[in-house]
Amino acid sequence: MNAAGSNPARRNGIGARTPRREDARHLSGRGRFVADMKLPGLREVAFVRSQVPHGRIRGITVPADAEPGSVWTGTDLAPIAEPLTATSTLEGFRAAPLPHLAVEKVRYVGEPIAMVIASARAEAEDLAARIIVDIEPLPAAVDFTGALAQDAPLVHDDWPDNVYATTSGDIGDVDAVAHDAAVTVTREYTMNRQAVVPLETRGVMAQHDQTSGQLVVHSSTQTPHMIRDMIAILLGVEARQVRVIAPDMGGGFGTKCSVYPEEIALAAVAMRLPYPIRWVEDRWEAMVSSTQARDHHYRITAHAAADGTLLGVEADILVNAGAYSVHPWTATMDATMSAAMIPGPYRLSNYRFRTRSVATNKTPLGPYRGVARPGACLAIERTLDELAHALGIEPNEMRIRNMVRPEDMPYTSVAKKVYDSGDYPEAVRRVSALIGHDAWRKQQQDVSDGARHRIGIGYGSFTEQTAHGCIEWASRGLAITIGTEGARLEMDSSGGLTLSVGIKSHGQGAETTLAQVVSEVFDVDPALVTVVHGDTALTPRGDGTFASRSMVMAGGATYGAAQQLAGKVLRIGGVLLGEDPKKLRFKDGAVVGRTGSVTYRELAKEFLFTPDHVPGVEAGLEVSFYYRPDTQTGAFTYASHAAVVSVDLDTGAVSLLDYAVVEDCGTVVNPLIVDGQITGGIAQGIGTALLEELVYDPDGQPKSTSFLDYLLPGATEVPMIKIGHMQTPSPHTVFGVKGAGEGGAIAPPAAIANAVTDALRAFGAEANETPMTPVRIWTALQDAQASPVRGAAMTGTDR
Amino acid sequence: MKPANFAYHRPGTCTEAADLLYRLRDDVKVIAGGQSLLPLMNMRLAEPAHLVDVSAVPELRRTDLTAEGATYGAATTHMMFEHQLVPDVADGLLSHAARGIGYRAIRNRGTVGGSLAHSDSSAEWPTVMSALGATVHALSVRGERRIPVTEFLLGFFSTALADDELITAVSVPRIAPGTQWGMYKMARKPGEFADSLAVVQVRDTGASTPAVSVWLGAAKDVPLRLKHVEKALADRPDRSLLPADLSGPLAADIGADTATASPHDRHALQLHAVTVHRALMAVGKAPHAA
């Protein structure tokens, strides 16, 4: 196993351990975020937000002494900004227009009702506190049971029930294999709702530039071009009149890639004000009004043969999508992804599923690292362990027996996903060795019966579609089918290279990795390549950074632009050196031939200052390239995680004794960055597994909206992660790279839940709900001891 | 999440501070480290018209050591206790307790007086100071008075302090010779407020059974002395009790009805039993004062 596929000999290019060039400015406090911006006359915005989960607005009273233009309500905004409607092409999908400021009804705690402008944020909050919103409270639809009940309160009055859409499929013959199965297990799993917690909250600053006539919007967003498009559409202006800039960002993790009401509201109002305005989301707002994540419930029935062969799976999937469908992902994003990922990395031919995406009086659900896969992985991986246990097979062996093998590649899954490459079983074998499976089994057995703790080992495997193209998004009903990225590469008159890309690096280190792509082609130090991103005025069109797509997509575009520019530079070099361009090469920032060489600096100066010295080469030293992979089914990153836990029988507390992962994200561009992404993703997955939960009371009030109650993983909760790499290049992408951003977050809930259940086997207690809090584990133990027949599973009560 | 408008005052002496508090008593808060008050103000759960910042009062950082014990200035930070930059008259317990408070940045600013004034029984100082029989010194224009911590803490966010009174110091009696202590804090993560917090002291009285005192935080709105648990321990002086043996007396001390308890309440009681048990097991094992 090589360490992160590193190639220590490489200074430049793909595979080099190039330190992140972004780090210097961030470590020395020289980054520039939305909240750091200073503009003359800048005023600050606060929002009045709903404090009730569901209610009818009877009236909004603005203090008589409020300055004109300082308070904006939904009524004021209606004529100047269309509401956002995230439609879907899925059959029967019900759209739910999302007002930027609530009109008629409020549908979740945190929904913006009025926008208030003052010279300072504290003053804006003063004024906001004096606005009286008269709301008639209505009963709320909160959990699945409540929202799906016959007499459930309707989140959207004109719907017959609270279901955005139902999808289903029945492939093969599950009933026939059920009849033949040696073992059948049925379990229910709950992955509770989480906040997405980037260190930097959202922020928007909007200014109508009187000189250019352009609306300039700064936003902490992963998708600047998409925000620009939507501002133009909803405000009824041309996109050329709108510039969106995403400056430095302190993370996003998916919660900054939807179009938000605050972005549209500030943009619309700024068009009518002679001064710039800014809103910086505070932490309470972030916990209630940024899109939230997970909130899934599963009922899985699986059938296996005596040798462990997985014969068939039935899945009933519920997703609590919250009050509105967010653009462009829609309210069925999680459900459709989940249904497609339940079959996992396994050879499965018989699969039946149903998904229901449920509308409730909770904050809208949006993307979060892993999008639905952590839930799907928990459900199938826990079930697989139950089958293995029933059959007396070790869980790692159970996975190896059922996984898609290298000789099966490319493999079309039962859910019609095309797994492109890799050796899935080998990842399980390697992670078993990396964690020390046999040694831990021994330690587990050595724990005495009288001890007040137990040790358990658990595995979680997955395969993950990354960098999917248009057809994938279209299959999930999106109105926008994402799948193209642009890059522009320019050599300036001093021979320097500037790359501009439409994606937005918000912590992934793309300023480093994309420079490495350029350096791979031109053999220059990546530090000498400027990478521009996050400004619609300066970058070619692109869809943004999400879905583990940027290295594949922007990397592909960058490579295309670099190849084309390289061809031209070689032709210029050929003229200058009097040699055949085909025989020239790049070395250390110069074009090198048989007899001589010319540095990029000399070459660019000759070509741009005195083009007459370079006859026969057309003008211009820049290239724009748009990349769309020929195969749009995505590059599948896969991994197997292994966790070892100790469970405290007296308290139900779970501690991680060891954690290992073996993953394959294809060709590794930068081993340092890939390892960082894996470790960070696993940390967030540990949060899902053990700590993070947005608790709503039965009335729909969120109860854990500060870090006092909402626990995040920190250095003391994340053990040293052992990482092993395999590198199977994707046949579909440039360099064979696969996405690496999300995978770390997918398997920890599954691996840890399997480890906890393994630890508690003797008691018959199971861990089937996240987060696995001490109270849940301890209660499962008590219940198991009270009903020792099969043992009471820690299933969600929230049905 | 920005505080409402307030007027800021920064007295240089206790007398000056007391005068200010008297004058502004209708709507004033004392601020020292600000580790609890500032978040409350940012969330506008507290909107005092006046803030009296006592961080520039040197008297509040003084420690007076006597044969009986020590009087710690109210603005002594958790960090000072943690690193024993002030003498630890409780044989290491003060240092041990301080180490568990929040995070480094919080310990650097937060103060013992502020913690007691905040009166959150899931914090360290209320329970530890109750267990040690500490006394709060309070100053107003009417003069100084001394209030035992057990009478000072009235409930969650509620103390015996008058609106115009300032905590100037906390006196902690020297731990009695022959006394050993054990403390255990149960929390989801290091640095979080406690789900349960127990302090046990065992004093060898020369008699056949040692005197045992057990205090519990985070169970009720004020720290509790666990009389039923102490009795159970007196009956089993070898400390061989298990958490299960402690649940009954604990429920009696807390006033918990185990028959009707929800799973959360049952787990909470279990955590308290385990915490008391672990504090008991820790008696005499923690590092002593330097």
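The values are calculated or read from the model by the stated rules, or taken from the named source; none is laboratory data. Nothing here was measured: the structure is a model prediction, and the numbers come from that model. Note that each Cβ is placed from the backbone with ideal geometry, even for glycine, and that neighbours are counted across all protein chains shown. Areas reflect the complete protein model, heavy atoms only, side chains present, ligands, DNA and RNA absent. Shrake-Rupley method; radii C 1.70, N 1.55, O 1.52, S 1.80 Å.
Out of (1) at pLDDT below 95; (2) within 32 Å of the chain's Cα centre (by Cα); (3) not aromatic (Phe, Trp, Tyr), what's the single condition that is false for residue A:212?
(2)
Of all the residues that make up the range A:101-150, how many are open to solvent by 40 Å² or more (accessible area, probe 1.4 Å), within 18 Å of residue A:61 (Cβ to Cβ) and within 14 Å of chain B (Cβ to nearest Cβ)?
Qualifying residue count, the range A:101-150: 3.
Mind counting the residues in the range A:733-742 that are of a type outside the set (A, V, I, L, M, F, W, C) and out of contact with any Lys or Arg (no Cβ under 9 Å at 6 or more places or on another chain)?
Start the filter on the range A:733-742 by keeping residues that are of a type outside the set (A, V, I, L, M, F, W, C), which leaves A:733, A:736, A:738-739, A:741-742.
Going one step further and asking which of them are out of contact with any Lys or Arg (no Cβ under 9 Å at 6 or more places or on another chain), we end up with A:733, A:736, A:738.
So the answer is 3.
Quick one: in the range B:84-118, of everything that is out of contact with any His (no Cβ under 6 Å at 6 or more places or on another chain) and among the β-branched types (Val, Ile, Thr), which residue is surrounded by the fewest Cβ atoms within 10 Å (Cβ to Cβ)?
B:106
List pairs: first in the range A:532-551 and in the same structural domain as residue A:669 (by TED's automatic domain parsing) and among the basic types (Lys, Arg), second crowded, with 24+ Cβ neighbours inside 10 Å and in a loop (DSSP other than H, G, I, E, B), Cβ under 9 Å, 6+ apart or cross-chain?
Matching pairs, first to second residue: none at all.
Filter the range B:251-268 for residues that are within 11 Å of chain A (Cβ to nearest Cβ), in a helix (DSSP H, G or I) and without any contact (Cβ under 8 Å) to a residue 24 or more places away in the chain and give the result.
B:263, B:264, B:265, B:266, B:267 - these are the residues of the range B:251-268 that are within 11 Å of chain A (Cβ to nearest Cβ), in a helix (DSSP H, G or I) and without any contact (Cβ under 8 Å) to a residue 24 or more places away in the chain.
Could you check the range B:166-249 for strands (runs of 3 or more DSSP E) lying wholly inside it with 1 or more residues that are touching a Ser or Thr at 6+ places or on another chain (Cβ under 6 Å), farther than 19 Å from residue B:81 by Cα and within 14 Å of another protein chain (Cβ to nearest Cβ)?
Once the strands (runs of 3 or more DSSP E) in the range B:166-249 are filtered for at least 1 residues that are touching a Ser or Thr at 6+ places or on another chain (Cβ under 6 Å), farther than 19 Å from residue B:81 by Cα and within 14 Å of another protein chain (Cβ to nearest Cβ), what remains is B:179-186, B:196-203.
With at pLDDT below 95 and either out of contact with any Lys or Arg (no Cβ under 6 Å at 6 or more places or on another chain) or open to solvent by 30 Å² or more (accessible area, probe 1.4 Å) (or both) as the only criterion, which of A:61, A:73, A:87 stands out?
A:87
One line per residue, one yes/no per condition, for (1) under 22 Å from the mean Cα position of the chain (by Cα); (2) among the hydroxyl-bearing types (Ser, Thr, Tyr); (3) within 27 Å of residue A:706 (Cα to Cα):
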position: B:30; (1), (2), (3): yes, no, yes
position: B:39; (1), (2), (3): yes, no, yes
position: B:55; (1), (2), (3): yes, yes, no
position: B:58; (1), (2), (3): no, no, no
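Take the residues in the range B:16-62 that are in contact (Cβ under 8 Å) with a residue 60 or more places away in the chain and assigned to a helix (DSSP H, G or I), then tell me which one is nearest to residue A:48 (Cα to Cα).
My answer is B:37.
In this structure, is residue A:170 modelled with pLDDT under 95 and over 30 Å from residue A:274 (Cβ atoms)?
no
Name the strands (runs of 3 or more DSSP E) wholly inside the range A:568-623 in which the number of residues that are without any contact (Cβ under 8 Å) to a residue 40 or more places away in the chain and either under 17 Å from residue A:521 (Cβ atoms) or in contact with a helix residue (DSSP H, G or I) (Cβ under 8 Å, 6 or more places away or on another chain) (or both) is 3 or more.
A:590-592
The rows are residues; the columns are (1) crowded, with 17+ Cβ neighbours inside 10 Å; (2) modelled with pLDDT of 95 or more; (3) assigned to a helix (DSSP H, G or I).
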residue: A:714; (1), (2), (3): no, no, no
residue: A:718; (1), (2), (3): yes, yes, no
residue: A:757; (1), (2), (3): yes, yes, yes
residue: A:799; (1), (2), (3): no, no, no
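With respect to residue A:747, is the statement that it is touching a Phe, Trp or Tyr at 6+ places or on another chain (Cβ under 7 Å), open to solvent by less than 10 Å² (accessible area, probe 1.4 Å) and touching a residue at least 24 places away in the same chain (Cβ under 8 Å) true?
In short, yes.
With respect to residue B:235, determine if the residue is crowded, with 20+ Cβ neighbours inside 10 Å and of a type in the set (D, E, K, R). Don't jump to the end; show me each part of the working.
On the way: crowded, with 20+ Cβ neighbours inside 10 Å: no; of a type in the set (D, E, K, R): yes.
So residue B:235 does not fit the description; no.
List the helices (runs of 4 or more DSSP H) inside the range A:377-462, counting only whole elements, that have at least 2 residues being farther than 24 Å from residue A:667 by Cα and without any contact (Cβ under 8 Å) to a residue 40 or more places away in the chain.
Once the helices (runs of 4 or more DSSP H) in the range A:377-462 are filtered for at least 2 residues that are farther than 24 Å from residue A:667 by Cα and without any contact (Cβ under 8 Å) to a residue 40 or more places away in the chain, what remains is A:437-446.
Just one of (1) free of Cβ contacts under 8 Å to residues at least 60 places away in the same chain; (2) crowded, with 22+ Cβ neighbours inside 10 Å; (3) in a loop (DSSP other than H, G, I, E, B) trips up residue B:121, so point out which.
Of the numbered conditions (1) free of Cβ contacts under 8 Å to residues at least 60 places away in the same chain; (2) crowded, with 22+ Cβ neighbours inside 10 Å; (3) in a loop (DSSP other than H, G, I, E, B), the odd one out for residue B:121 is (1).
When you go through (1) touching a residue at least 60 places away in the same chain (Cβ under 8 Å); (2) open to solvent by 60 Å² or more (accessible area, probe 1.4 Å) one by one for residue B:228, which number turns out not to apply?
Unmet condition: (1).
Would you be able to tell me the number of residues in the range A:490-522 that are more than 23 Å from residue A:224 (Cα to Cα) and either open to solvent by 40 Å² or more (accessible area, probe 1.4 Å) or outside the structural domain of residue A:569 (by TED's automatic domain parsing) (or both)?
4
Kindly indicate whether any position in the range B:124-138 is in contact with a helix residue (DSSP H, G or I) (Cβ under 7 Å, 6 or more places away or on another chain) and either open to solvent by 40 Å² or more (accessible area, probe 1.4 Å) or at pLDDT below 95 (or both).
Scanning the range B:124-138, I find no residue that is in contact with a helix residue (DSSP H, G or I) (Cβ under 7 Å, 6 or more places away or on another chain) and either open to solvent by 40 Å² or more (accessible area, probe 1.4 Å) or at pLDDT below 95 (or both), so the answer is no.
State all residues of the range A:189-227 that are of a type in the set (S, T, N, Q), part of a strand (DSSP E or B) and in contact with a Lys or Arg (Cβ under 8 Å, 6 or more places away or on another chain); if no residue qualifies, say none.
Result: A:192, A:194, A:214, A:219.
Any residue in the range B:75-83 that is farther than 24 Å from residue B:120 by Cβ and surrounded by 15 or more Cβ atoms within 10 Å (Cβ to Cβ)?
No, the range B:75-83 contains no residue that is farther than 24 Å from residue B:120 by Cβ and surrounded by 15 or more Cβ atoms within 10 Å (Cβ to Cβ).
Inspect the range A:257-269 for any residue being surrounded by fewer than 19 Cβ atoms within 10 Å (Cβ to Cβ) and at pLDDT 95 or above and give the result as yes or no.
no
Does residue A:694 meet the test of being more than 24 Å from residue A:434 (Cα to Cα) and touching a helix residue (DSSP H, G or I) at 6+ places or on another chain (Cβ under 7 Å)? Don't jump to the end; show me each part of the working.
Values: more than 24 Å from residue A:434 (Cα to Cα): yes; touching a helix residue (DSSP H, G or I) at 6+ places or on another chain (Cβ under 7 Å): no.
No: the conditions fail for residue A:694.
Being part of a loop (DSSP other than H, G, I, E, B) and over 22 Å from the mean Cα position of the chain (by Cα) is the filter; apply it to the range A:696-706 and report the residue that is farthest from the other protein chains (Cβ to nearest Cβ).
A:700
May I ask you to list the residues in the range A:151-165 that are touching a residue at least 40 places away in the same chain (Cβ under 8 Å) and either within 14 Å of another protein chain (Cβ to nearest Cβ) or open to solvent by less than 70 Å² (accessible area, probe 1.4 Å) (or both)? I'd like the intermediate steps shown before the answer.
Kept after step one, since they are touching a residue at least 40 places away in the same chain (Cβ under 8 Å), are these residues of the range A:151-165: A:153, A:155-157, A:159, A:162-165.
Selection gives A:153, A:155, A:156, A:159, A:162, A:163, A:164, A:165.
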